[in-house]
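All remarks here apply to the structure that follows.
The numbers here are math on the coordinates, done by the rules we state, and not lab data. Source: prediction; values computed, not measured. Please note: Cβ atoms are built from the backbone with ideal geometry, for glycine as well, and neighbour counts cover all protein chains shown.
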Amino acid sequence: MAILDIIEVPDERLREHSEAVSRFDEALQQQVNDLFETLGHSGAIGLSAPQTGIFKRIIVVHVPDDDFGARVYINPEILKRSKSRYVEESCLSVPGIEGNVVRCIRVKLRAQDIHGKLCEFDVDDLHAVCVQHEVDHLDGILFTDRLSWFKKLRLRMASGGNTGLSRAA
């Protein structure tokens, strides 16, 4: 296993859309192992493959003390969302920035496991928040894109514009 480098803003590769996984082989297993190793080393609770330069639809999540354990979700798709609330997030790819974003507290998702078996999962609380954050990465979306325009403006001013924030707000 290897600890992978984390891509950080303003690297434009973070804006790329990831490709679906179609081969479930030893190379995929190695990539997933490396993602889990990197996640454990980082101290974070979630990691997407594109954050490490692997532009495949893979996320790994491990929220300590939840009922779900360490999970890999391959080709994840959120099917259903519950009511939402503001939650504070941060990101390995956007170091030093935290912010409140709207996330659903419960989601139903469909994903494949490491063998390609299609499964559905109902996840909640911090695990659900993490899944939404990581799925966003697969589509080139950063949590900072979901911040209020005022928070984005304050962050841009404080950082001299080098935050990776979208210019739309």
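Worth pointing out:
- For the range 12-159, a simple Cβ point-charge model (Lys and Arg +1, Asp and Glu -1, everything else neutral) yields a dipole of about 720 debye relative to the Cα centre.
- Converting phi to 3J(HN,Hα) with the Karplus coefficients 6.51, -1.76 and 1.60 and the offset θ = phi - 60°, the range 55-71 yields 8, 10, 7, 9, 10, 10, 9, 8, 9, x, 6, 9, 7, 8, x, 7, 10 Hz in sequence order, with x at every glycine or proline.
- Efficiency of FRET from Cβ geometry, residue 1 and residue 108, R₀ 30 Å, rounded to 0.05: 0.45
- Length added when fully stretched, residue 119-residue 82, from 0.36 nm per residue minus Cα-Cα: 11.4 nm
- Counting DSSP beta bridges with both ends in the chain, the antiparallel % (nearest 5): 95 percent
- Legend: ranking of residues 1, 157 from fewest to most surrounding C-beta atoms inside 10 Å; resulting order 157, 1.
- Applying 0.36 nm per residue to the separation of residue 29 and residue 41 and subtracting their alpha-carbon distance, the gain on full extension is 2.5 nm.
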